[in-house]
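Written below as structure tokens is the structure these notes are about.
The values are calculated or read from the model by the stated rules, or taken from the named source; none is laboratory data. Since the structure is predicted, the reported quantities are computational estimates derived from the model, not experimental observations. Counting neighbours? That spans all protein chains shown, and the Cβs are built from the backbone with ideal geometry, glycine included. Just the protein is used for accessible areas: all its heavy atoms, side chains included, with ligands, DNA and RNA removed. Shrake-Rupley method; radii C 1.70, N 1.55, O 1.52, S 1.80 Å.
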Amino acid sequence: MFDNIATAWPELIQALLETLYMLILTIPIAVAIGTPLGTILFLTRPDSFLKWPKFYLILNGFVNLIRSFPFLILMIAIIPFTRLVVGTALGTTAATVPMIINAVPYFARFIEQILLDVNRGVVEAAESMGANKFQIVWKVLYTEARSGIANAVTIVTVSFLSYSTVAGLVGGGGIGDFAIRYGYYRYQTDVMFVTIVIMVLFVQVFQFTGNYIVRKLDKRL
């Protein structure tokens, strides 16, 4: 048992580093693009500030379209686009392209819902004091929603830690590729058990860190 684990350990560490690399690329880009996209969804709703129902209908439909693709199918469907962006459809960097495309609308929908949950009384108070739309969004909505946004980042990080394992099915590397090689082809259950334990620990660390940040940002706690 321990011989198998010792033999596989360097590859396991490499796989974990590849998975973290995918997350380090995916999550910040998803937050950077998904936050303004979700804000635009919120602002253009028929009952919101800008009231652009036709634009909202188009943008909302586009977000729903991307989110409706199962991740594995999306990875395969956009292989030509992935090659165009990074020059190859294989490897860890290539796997981040569909992850980002999937994560952006996922996070944007979180942002839209979080902003909808902000107390309207706070927004109306800011409007009565003469705040413009930019000030309302930046200084009121984002400030009031900051704990919710931190919670959304935590949820997306944990979710896409799982999504990253699918990348192994199409040569994306990471922990999914490691699991296929050792768990499926070699059937080394001892190595798989250690891998599962490490992944559970990763999830717990991400969740605990996210919950701690949420508690610090939430003014109600």
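Within the stretch 118-139, being open to solvent by 100 Å² or more (accessible area, probe 1.4 Å) and touching a residue at least 60 places away in the same chain (Cβ under 8 Å) holds for one residue alone: 133. Taken as a whole, the condition of being open to solvent by 30 Å² or more (accessible area, probe 1.4 Å) and within 28 Å of residue 6 (Cα to Cα) applies to residue 202.
Close Cβ contacts (under 7 Å, 6 or more residues apart or on different chains) running from residues in the stretch 187-208 that are part of a helix (DSSP H, G or I) to residues that are surrounded by 14 or more Cβ atoms within 10 Å (Cβ to Cβ) and among the hydroxyl-bearing types (Ser, Thr, Tyr) comprise 191/182; 192/182; 206/154; 206/157; 207/154.
For the stretch 130-175, which positions are modelled with pLDDT under 90 and either β-branched (Val, Ile, Thr) or in contact with a strand residue (DSSP E or B) (Cβ under 6 Å, 6 or more places away or on another chain) (or both)? Once the filter is applied, which keeps residues that are modelled with pLDDT under 90 and either β-branched (Val, Ile, Thr) or in contact with a strand residue (DSSP E or B) (Cβ under 6 Å, 6 or more places away or on another chain) (or both), the stretch 130-175 yields 136, 137, 140, 143, 165, 166, 170, 175. Residue count for the stretch 140-172 under the criterion of being touching a residue at least 60 places away in the same chain (Cβ under 8 Å), surrounded by fewer than 18 Cβ atoms within 10 Å (Cβ to Cβ) and assigned to a helix (DSSP H, G or I): the result is 2. Taking residue 125, is it part of a helix (DSSP H, G or I), small (Gly, Ala, Ser) and over 25 Å from the mean Cα position of the chain (by Cα)? The answer is yes for residue 125.
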